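Everything below concerns the one structure shown next.
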Amino acid sequence: DATHRTFRLTVKGPDGKPVPNASCEIREPVGLGREHIPGCTFEKNGSQGAFAETNEDGEILLSLPKKFRHLTIIVEKTGFGPYWAKCFGYGVSPGIPSEVTIELENAWSVGGSVVDKAGTPIADTKVNVSIDYKMLPNDTDPVGLGAVVQTDEEGKWRYDLVPVSQDYVQVT
């Protein structure tokens, strides 16, 4: 098709093995549908792009319009730190590669309990967790992730995507 180009994202773990079923939010261009992401589990369209999962080989193959200006893919998988892959370019310029391989890093978990002044657990309340994304080596603008988790009926919460390279987590 003269109006589209192919882009391949390969997701690997720190051991170099493919990471299947990693959740990928594919931003810019908006309007990608199931037909633009063949061979993968298409989850849904969102306000900023589409959501799909990597196949058993840890890949997502995209059929993208040639005229797009940039592409951002956010990758998350429990047990690994999140990744922000951003590619810039114009048209089919060399600024946008035809393929990118990323390596996720292992993650650790953080959690706690939310209680009121009397020490009574507070159920179903939001906890904001802030961490940094791992990014492509040539991307110098840090991007943070603000995740929201809910406390359970006992006021407990847990977040499992803190990269091992990050030794602290901001929680509010």
task: Output the number of the condition that residue 151 fails; it satisfies all remaining conditions of (1) over 22 Å from residue 41 (Cβ atoms); (2) modelled with pLDDT under 95.
output: (2)
- line: Checked against (1) modelled with pLDDT of 90 or more; (2) surrounded by 15 or more Cβ atoms within 10 Å (Cβ to Cβ); (3) polar (S, T, N, Q), residue 63 satisfies every condition except (1)
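For the stretch 134-146, which residues satisfy the criterion of being surrounded by 10 or more Cβ atoms within 10 Å (Cβ to Cβ) and closer than 18 Å to residue 104 by Cα? Lay out the reasoning, then the answer.
Going through the stretch 134-146, the residues surrounded by 10 or more Cβ atoms within 10 Å (Cβ to Cβ) turn out to be 134-136, 139, 143-146.
Hits for the stretch 134-146 are 134, 135, 136, 139, 143, 144, 145.
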- request: Pairs only if they're at least six apart or on different chains, beta carbon under 6 angstrom, first in the stretch 142-156 and assigned to a loop (DSSP other than H, G, I, E, B), second hydroxyl-bearing (Ser, Thr, Tyr); list them, first residue then second.
  value: 143/133; 151/125; 155/113
statement: Filtering the stretch 106-135 down to residues that are among the aliphatic types (A, V, I, L, M) and either within 13 Å of residue 171 (Cα to Cα) or touching a Phe, Trp or Tyr at 6+ places or on another chain (Cβ under 8 Å) (or both) yields 107, 110, 114, 127, 129, 131, 135
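The values are calculated or read from the model by the stated rules, or taken from the named source; none is laboratory data. Predicted model only: the values in this text are computed from it and were never measured. Glycine also receives a Cβ, built like all others from the backbone with ideal geometry; neighbour counts cover every protein chain displayed.
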